[in-house]
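Notes for the one structure printed next.
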């Protein structure tokens, strides 16, 4: 990354951090683009060269987790290996205290605003599409199974992103319990259909 790109990335990060701080303090709906721009010492018009909308600031790093999931899938040689590797990854992520703090802050913003709730749903839909496309590109399964599997991978994230979990330890425990419940449900279904 060149100097220009690095400076632009740093400014984007600064805008996002300042915006999130203002949203946390004042509520998403009560913060203007002009206020966010002022905290980053830029004009409101300049802010739109970094972010198309105010809600883009809230979701500025939405592709990081998706990139991690795509990378995990790309490393697999069998569809059957994805779920165990994914569970291990989610449990590891849930053990990261900083990630829990960021997630909890995001959840509190999203649940209080319909615009952000809609944006979160669009994000999950994009995750499912990208995950299914990644599975299909690896030729791991057929089209229908890829979409079902993508939905299965996103479902625990959807659940965890709607919970107000007070501590990082409780987030890790909730993640493990959720994955165990999913595994149990899957085995019940397998037994039912056999």
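For the chain, the mean residue ellipticity at 222 nm estimated from helices alone is -26500 deg cm²/dmol, where every DSSP H run of n ≥ 4 contributes -39500 (n - 2.57) and the total is divided by all residues, rounded to the nearest 500.
Which whole-number percent gives the relative contact order of segment 3-54, counting Cα pairs below 8 Å spaced six or more residues apart? It would help to have the intermediate numbers written out before the result.
On the way: 29 pairs, mean separation 15.7, N = 52.
RCO, segment 3-54: 30 percent.
Find the relative contact order for the chain and round it to a whole percent, using C-alpha pairs within less than 8 Å whose residues are 6+ positions apart. Dividing the mean separation by the residue count of the chain yields 20 percent.
A straight line joining the Cα centroids of segment 116-176 and segment 21-47 runs 30 Å. Quick one: angle between helix 97-111 and the longest Cα principal axis of the chain, in degrees between 0 and 90, rounded to 10, please. The two axes meet at around 80 degrees.
Relative to the longest principal axis of the Cα atoms of the chain, the long axis of helix 143-160 makes an angle of roughly 60 degrees. Calculated over segment 3-54, the projected area of the Cα convex hull averaged across directions stands at 3.2 nm².
Helix 62-74 and the longest principal axis of the C-alpha atoms of the chain enclose an angle of approximately 30°.
Once the chain from residue 24 to residue 136 is taken as fully extended at 0.36 nm per residue, the excess over their C-alpha distance is 36.4 nm. With the largest listed first and rounded to whole Å, the semi-axes of the equivalent ellipsoid of segment 94-194 from the Cα gyration tensor are 26, 19, 12.
Suppose R0 equals 35 Å; then what is the FRET efficiency for residue 101 and residue 192 from their Cβ-Cβ distance, rounded to the nearest 0.05? Walk me through the numbers before you get to the answer.
Values: r = 40 Å, r/R0 = 1.15.
Calculated value: 0.30.
Here the simple spin-label model places points 7 Å from the Cα toward Cβ, and for residue 181 and residue 88 these points are separated by 2.5 nm. Placing pseudo-labels 7 Å out from each Cα toward the beta carbon at residue 144 and residue 75 gives an inter-label distance of 3.2 nm. Modelled spin labels at residue 126 and residue 6, positioned 7 Å past Cα toward Cβ, are 2.8 nm from each other.
Taking the empirical scaling 2.2 N^0.38 Å for compact globular proteins as reference, the chain has a Cα radius of gyration ratio of 1.16.
No value in this document is a laboratory result; all are computed from the given coordinates. It should be emphasised that the depicted structure is a prediction, and the values quoted were computed from it without experimental measurement. So basically every Cβ, Gly included, is an ideal-geometry build from the backbone, and we count neighbours across all protein chains shown.
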